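Before any comments, here is the structure.
The values are calculated or read from the model by the stated rules, or taken from the named source; none is laboratory data. Quantities reported herein were computed from a predicted structural model and do not represent experimental measurements. Backbone-built Cβ (ideal geometry, glycine too); neighbour counts: all protein chains shown. Only protein heavy atoms, including side chains, enter the accessible area calculation; ligands, DNA and RNA are left aside. Shrake-Rupley method; radii C 1.70, N 1.55, O 1.52, S 1.80 Å.
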Amino acid sequence: MNIPKCASAVLCTLLAAAAAPPTFAAEALKIGLVLPMSGPFAGYGRQIEDGVRLYLKVNGDTVAGRKVELLVKDDTGVAPEISKRVAQELVVSDNVDILAGFGLTPSAFAVAPIATEAKKPMVVLNAATSAVTTKSDYIVRTSMALPQVTAPVASWAAKNGIRKVFTVVADYGPGHDAEAQFKKTFEAAGGEVVGEVRSPVKNPDFAPYLQKVKDARPDAVFLFVPAGEQGVAFMKGFAERGLEKAGIKLIATGDLTAETVIDAIGEPGLGVITSFHYAESHDSPENKAFTHAWYQAYGPDRPDFMAVAGYDGMHLIAEALKKTGGSADADKFIAAVKGMQWVSPRGPVSIDPTTRDIVQTVYIRKVEKVGGRYQNVEFDRVPDFRDPGKP
Ligand code: PHB
């Protein structure tokens, strides 16, 4: 045999190591989170990141033998060019396995082609325009679709004596979806949309719209604006301009009364009817465990639907990796999530194997004060509801 003699003990050790089969510890699982962490939508980034981190805190930060590493990049909100640039950096420089996050629709639209080209799974944790999941075969969504959370409140309105509605929506993807679905469902049920306005997605001034609505004297206004300060401003204007006194009701998707803003809305929010997939007050053991863990980890800040989408998104990633034996290969990952079912803090959910979108219960809720706290109180539900905005 021709065994080379080692010139030194050190060299000998090195040669032996080189000849031995590799015994790598499993590589870290790198998840690149593209989120608004600054600007008017920074609250989305906070909720989503905290939701993802809470899942890891509760369930351990190693999935299928791989330690999870989160790389968070700020895309500042409605800034598709920035979303694209930071996603590219995550793929090219940081070599992430999975892209996730996406607080707003323009961000998800901008990054979808990168997921396709780079063959990375893309887990959407908020962006809720129906078409988001059609923009790449590697997208899966754990939040919601606007038509899905709009149709139930349109049906509720038609069944509850509301005949004439004026719609007010933010002028971009999710608003257009909400406007179209509201009209479709409400008019099919015998109602009439008597006016429609679209407000700018950045810094809207609602005063002129509120006056227009008041003059049209509808039974109700249907509103969609992205969760946060805009809803608070709209509600303030609604009360100040006397729409409520004029007998005009307000109905909306639950973005309006998210638990992160419901206290800022305060009194004028009482009685507002919304439809949505998550309420902090949802009565289930899974939600009790989630909210308990949340308050232990984050103190007084309340969790809203974005926190739950982050938590569930991390659950989906962990379960998919268990199925693939730790591989984040995009084709294997997407095959693993199709048809996946679990009980979320929001209730039972599943991933539609055809659309890769979430199927879930949508609840009808009313803002009430419960034990001194403003809450969205669920009083009716549409179980296993798919996005009706998809063909
Ligand atoms: C979106 O941009 O898709 C979006 C943002 C905030 C929401 C809902 C949807 O509350």
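Numbers at a glance
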| quantity | calculated |
| --- | --- |
| Given (1) outside the structural domain of residue 30 (by TED's automatic domain parsing); (2) without any contact (Cβ under 8 Å) to a residue 40 or more places away in the chain, number of the condition residue 288 does not satisfy | (1) |
| Residues (part of a loop (DSSP other than H, G, I, E, B) and near the ligand (Cβ under 9 Å from one of its atoms)) located in the stretch 218-232 | 225, 226, 227, 228 |
| Filter pass, residue 73 being under 16 Å from residue 29 (Cβ atoms), of a type outside the set (A, V, I, L, M) and either away from the ligand (no atom under 16 Å from the Cβ) or at pLDDT below 95 (or both) | no |
| Condition broken by residue 116, with the remaining ones in (1) open to solvent by 30 Å² or more (accessible area, probe 1.4 Å); (2) hydroxyl-bearing (Ser, Thr, Tyr); (3) assigned to a helix (DSSP H, G or I); (4) within 16 Å of the ligand (Cβ to nearest atom) satisfied | (4) |
| Matching residues, the stretch 120-135, being part of a loop (DSSP other than H, G, I, E, B) and surrounded by fewer than 23 Cβ atoms within 10 Å (Cβ to Cβ) | 135 |
| Matching helices (runs of 4 or more DSSP H) fully within the stretch 252-329 where at least 2 residues are touching a helix residue (DSSP H, G or I) at 6+ places or on another chain (Cβ under 7 Å) and within 15 Å of the ligand (Cβ to nearest atom) | 262-265, 305-324 |
